[in-house]
Amino acid sequence: MSTHEPIDVAVVGVGHLGRHHARLYAAMPQTRLVAVVDRDEARARAIAEEYGCEALFDPEALAGRVQAASVAVPTENHRDVAERLLGSGTDVLVEKPLARTLDEVDAINRAAAAHSRILMVGHTERFNPAVIALSRVVDAPRFFEIHRLAAFSARSTDIDVVLDLMIHDLDLLLFLDGSDPVSVDAAGVAALTDKVDIANARIRLASGCVANLTASRISAEPVRRIRLFQARTYFSCDTGARKVERYRLTFGAEQEPKIQHDLLPVKEGEPLRIELEAFVEAVRTRSAPAVDGRQARRAIALAHQVREVIESASFTP
């Protein structure tokens, strides 16, 4: 149990993802869930009743009542809600992507700086135990092959698949390699919505690493897999199953090459809970969050490069 007084928190937007923020905050000893906020009054009341907190319908009503809040409203509303919370003195965790455009991202970052508030961004895959295990053994990666495929859902159709799904892997690519992109090639198509639903990007980084990323939100089966190659080593990381396999080239007594296979140890844990615990710790200690606005901006800038290439290549037959 925590020896500190719980931090008063709220969740703004309790749809598909926000209700899980509420569930976890209500169960964590480090936090006291004060309220949930949603413009759908029936939904706000139902979630509030389930987790024993107050139902509110406007973020302004949180002013002075909580120390921190999660923002899980549609992406198009991130800037408005985040700026209002930051301006009222509230530390904020904003679900990914931080915003739709770089101008909106910059506005949110300025608001956080102006009011000396913690701003963390919900790139949840950073907190996936499999990714954590993988990140500890990555050393000068040379090639990534990443697939993220999901079944169609009506949620998040206010943005395309690049900002909806591929953004996870663009962030992981920049995180695991560390260098900046130097070239981007991409293709994508709209299939079920008026926005790109399937996309592929080939990205070369300043380190010399090359990455091939595919994202789709109309797959029959979910796939979340990272294949990573570095010197004499290949990793296969399934972030859904939370399993990391390693294949290494080794040499026996006679210098005969052979492939050694093993599994990396992966700790148990729900990624979103690990993320929220990291956010709460940053709020408590006033320390830099694990994924800040600057890192989120890098991922969104790369996402926009991918989208621009797709748009420039599109044509009407």
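The values are calculated or read from the model by the stated rules, or taken from the named source; none is laboratory data. Since this is a predicted model, take the numbers as computed values, not measurements. Note that each Cβ is placed from the backbone with ideal geometry, even for glycine, and that neighbours are counted across all protein chains shown.
Quick notes on this structure:
- Residue in the range 56-69 that is closer than 27 Å to Leu170 by Cβ and at pLDDT 95 or above present: yes
- For His78, the conditions (1) over 20 Å from Val162 (Cβ atoms); (2) without any contact (Cβ under 8 Å) to a residue 60 or more places away in the chain are fulfilled apart from (1).
- Some residue of the range 246-254 being part of a helix (DSSP H, G or I), within 17 Å of Ala130 (Cα to Cα) and not basic (Lys, Arg): no
- For Val266, the conditions (1) under 26 Å from Val210 (Cβ atoms); (2) not in a strand (DSSP E or B) are fulfilled apart from (1).
Here's the yes/no breakdown for (1) among the hydroxyl-bearing types (Ser, Thr, Tyr); (2) under 30 Å from Leu24 (Cα atoms); (3) in contact with a strand residue (DSSP E or B) (Cβ under 7 Å, 6 or more places away or on another chain); (4) loosely packed, with under 12 Cβ neighbours inside 10 Å:
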residue: Leu263; (1), (2), (3), (4): no, yes, yes, yes
residue: Ile274; (1), (2), (3), (4): no, yes, no, no
residue: Ala278; (1), (2), (3), (4): no, yes, no, no
residue: Val283; (1), (2), (3), (4): no, yes, yes, no
residue: Asp292; (1), (2), (3), (4): no, yes, yes, no
residue: Ala299; (1), (2), (3), (4): no, yes, no, no
residue: Val309; (1), (2), (3), (4): no, no, yes, no
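- Complete set of residues in the range 134-150 that are under 17 Å from the mean Cα position of the chain (by Cα) and not basic (Lys, Arg): Leu134, Ser135, Ile146, His147, Leu149, Ala150
- Qualifying positions in the range 39-60 - surrounded by 15 or more Cβ atoms within 10 Å (Cβ to Cβ), of a type outside the set (Val, Ile, Thr) and either over 24 Å from Met28 (Cα atoms) or in contact (Cβ under 8 Å) with a residue 12 or more places away in the chain (or both): Arg43, Ala44, Ala48, Tyr51, Cys53, Glu54, Ala55, Leu56, Pro59
- Filter result for Val105 (in a strand (DSSP E or B) and of a type in the set (Val, Ile, Thr)): no
- Test: residue in the range 157-175 that is within 25 Å of His21 (Cα to Cα), aliphatic (A, V, I, L, M) and in a loop (DSSP other than H, G, I, E, B): yes
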